[in-house]
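Structure first, then comments.
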Amino acid sequence: MKIVTKKESFTNPLYLESGRILEPYELVYETYGEMNEARDNAVLITHALSGSHHAAGRYEGDRKAGWWDGLIGDGKAIDTKRFFVICVNVIGSCYGSTGPMSRMYPSQERYRLKFPVITVKDMVKAQRILLDRLGIDRLHAIVGGSMGGMQALRFAIEYPNFAKHTIAMAATHATRPWAIAFNKVVQEAIVKDPKFKNGNYDPDDFKEEGFTGLAVGRMAGHISYLSPESMDRKFGRSYVETDGLFELFGKFQVERYLEYNGYGFSKWFDPLSYLYITKAINIFDVSRGYDTLDEALGRIRSDLHLISFKRDMLFMPEEMKEIEIVMKAQGQGGLVSYYEVDSDYGHDAFLVELDKFSDYVAHVIDR
């Protein structure tokens with residue numbers, strides 16, 4: 001599988017949903033496979049909160065493959081022998097696209113808290129402009145999970161004839177209080193950490209020991225990505241062998257797991273990017289800008305395939321099911337399908353239990 005990573009720079013202003021302007025800006029993206037002569041085999045992958053443009057494959061020296069490597073590649077569900085696959089790092093992220101730690105042209109000062117609030121609609125708009133530059137005027141499919149599923153839905157609504165198929169997984173049409181509450185814990189932990197310095201921190205300060213505020217917040221967030229059943233299966237009541245049961249700070253295995261993942265994550269993900277992206281997730285609502293949800297979904301013209309996961313506690317199956325119900329009620333039944341994966345893993349099932357839905361994705365993509 002041929003993998004290429006590139007960066008595109010844009011000097012034209014990006015008019016944001018808030019009314020503010022981002023100018024200039026850059027987008028980093030990764031491609032897999034080759035574009036065909038008809039230029040009709042492009043598949044766009046949209047990533048989640050902490051994801052990046054590196055969705056599949058390995059570069060020399062990589063410890064692990066891209067985050068959806070089990071789904072994308074030669075002979076896999078999204079077959080890179082047939083399709084030209086592209087994944088774009090969203091604006092606001094910290095993997096090379098313009099975000100809060102980017103330089104604020106024409107000065108060398110970083111945006112930090114001067115960076116504008118961005119929305120999922122803004123992320124999608126920037127990617128659409130990039131695809132135009134690449135000469136892609138229609139996609140065979142758009143596929144994404146979690147915040148990536150939000151982007152997929154936004155693409156289907158804002159650009160109705162742009163993609164033949166849209167696959168949105170583990171998402172919602174509007175973020176509910178349960179998910180917003182988890183994000184609030186992360187936000188508070190970040191901004192109340194003395195090392196945050198009102199956003200004026202040095203990014204190098206966290207590379208060795210991590211950033212406690214983000215680490216603690218990420219632990220709370222990570223709980224919402226799993227389920228009680230998956231935690232029981234993975235950890236049970238196992239205790240760390242070297243810790244004493246009656247030591248005050250002795251740990252269960254689940255506690256050590258959360259510490260390891262929380263502090264590890266905080267060494268490489270930028271705290272300000274986390275704040276801006278969770279803000280975008282919190283205010284996500286596909287009906288904003290339209291009178292009703294029915295009107296927004298009524299714009300969809302691509303085949304929309306909704307995939308939810310039974311024990312997803314962050315974006316629950318009924319949230320995805322509601323989209324199907326609304327579309328069928330207004331005569332769009334021929335455009336929408338709903339598939340609920342029998343999983344007790346939790347929200348992260350869309351990243352982990354690929355064997356439970358990869359055949360479904362392959363069937364849709366093959367149409």
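Farthest towards the positive end of the charge dipole of the stretch 152-252, among the residues Leu214, Leu153, Val186, is the Cα of Leu153, using unit charges on the Cβ of Lys, Arg, Asp and Glu. Largest first, the three principal axis extents of the alpha carbons in the chain are 64, 52, 46 Å in whole numbers. The calculated FRET efficiency for the pair Thr5 and His363, based on their C-beta separation and a Förster distance of 22 Å, comes to about 0.15. The Rg/Rh ratio for the stretch 204-325 is 1.11, where Rg is the radius of gyration of the alpha carbons and Rh is the Kirkwood radius. Measuring nothing but how far apart in sequence close Cα pairs (under 8 Å, 6+ apart) lie, relative to its length, the chain scores a relative contact order of 18 percent.
The GNM of the chain, with springs linking C-alpha atoms under 10 angstrom apart, assigns the highest mean-square fluctuation among Val191, Val341, Val240 to Val240. Counting only protein heavy atoms and using a 1.4 Å probe, the accessible area of Leu248 comes to about 150 Å².
For Trp268, Trp67, give the ranking by accessible area with the largest first, probe 1.4 Å. Working shown, then result.
Details: Trp268 135, Trp67 65 Å².
Per-residue accessible area, sorted high to low, gives Trp268, Trp67.
Simple spin-label estimate for Lys184 and Lys328 gives 3.4 nm between the two label positions (7 Å along the Cα-to-Cβ direction from each Cα).
By the scheme Lys and Arg +1, Asp and Glu -1, what is the net charge of all other residues having a beta-carbon under 14 Å from that of Asp232? Can you show the working numbers first?
Details: positive: Arg233, Lys234, Arg237, Arg311; negative: Glu229, Asp344.
The answer is +2.
The charge dipole of the chain, taken about its Cα centre with unit charges on the Cβ of Lys, Arg, Asp and Glu (plus for the first two, minus for the last two), comes to roughly 660 debye. Excluding ligands, DNA and RNA, the accessible surface per residue across the stretch 223-367 is 49 Å² with a 1.4 Å probe.
Ordering Ala77, Ser97, Val43 by the projection of their Cα atoms onto the charge dipole of the stretch 24-129, which places +1 on the Cβ of Lys and Arg and -1 on the Cβ of Asp and Glu, puts Ser97 at the extreme positive end.
Accessible area of the chain with a 1.4 Å probe: how many percent of it is carbon plus sulfur? With neighbouring chains kept in place, the figure for the chain is 51 percent. Within the chain, the selection of entire DSSP H helices by a Cα span of 30 Å or greater along the long axis and an average Kyte-Doolittle value of at least -0.5 returns an empty list.
Pairs of Cα atoms under 8 Å, at least six residues apart: use those to get the relative contact order of the stretch 99-216, whole percent.
Numbers: 112 pairs, mean separation 20.9, N = 118.
In percent, rounded to a whole number, it is 18.
Cα extents for the stretch 165-257 along the principal axes, largest to smallest and rounded to whole angstrom: 49, 39, 25. Between Pro271, Pro177, Pro160, the GNM of the chain built on Cα springs shorter than 10 angstrom shows Pro177 fluctuating the most. The figure for Asp232 is an accessible area of roughly 110 square angstrom, using a 1.4 Å probe on the protein chains alone.
Using a Förster radius of 41 Å, what is the FRET efficiency between Ser238 and Glu60 based on their Cβ-Cβ separation? Nearest 0.05, please. Don't jump to the answer; show the numbers that get you there.
Numbers: r = 37 Å, r/R0 = 0.90.
The value I calculate is 0.65.
Express in nm, to one decimal, how much length is gained between Ala38 and Arg112 on full extension, taking 0.36 nm for each residue of separation and deducting their alpha carbon distance. Please list the in-between numbers first.
Working: separation 74, 0.36 × 74 = 26.64 nm, distance 4.27 nm.
Contour length minus Cα-Cα distance gives 22.4 nm.
Here is how the number arises for the chain: DSSP H runs of 4 or more residues each give -39500 (n - 2.57), the sum is divided by the residue count, and the result at 222 nm is -10000 deg cm²/dmol.
Give, rounded to the nearest 20 debye, the magnitude of the charge dipole that the stretch 127-280 has about its Cα centre when Lys and Arg contribute +1 at Cβ and Asp and Glu contribute -1 at Cβ. Write out the running numbers ahead of the final one.
Details: 19 positive and 18 negative charges, 138 e Å.
Magnitude of the dipole: close to 660 debye.
In the context of the full set of protein chains, residues of the stretch 56-105 present 44 Å² of accessible surface per residue (probe radius 1.4 Å, heavy atoms only). This model, with +1 at the C-beta of Lys and Arg and -1 at the C-beta of Asp and Glu, gives the stretch 319-367 a dipole about its Cα centre of some 340 debye.
The values are calculated or read from the model by the stated rules, or taken from the named source; none is laboratory data. Since we're looking at a predicted model, the values are computed, not measured. Cβ: placed from backbone, ideal geometry, glycine included. Neighbour counts: every protein chain shown. For the accessible areas, the whole protein counts, side chains as well, though only heavy atoms, and no ligand, DNA or RNA atoms are used. Shrake-Rupley method; radii C 1.70, N 1.55, O 1.52, S 1.80 Å.
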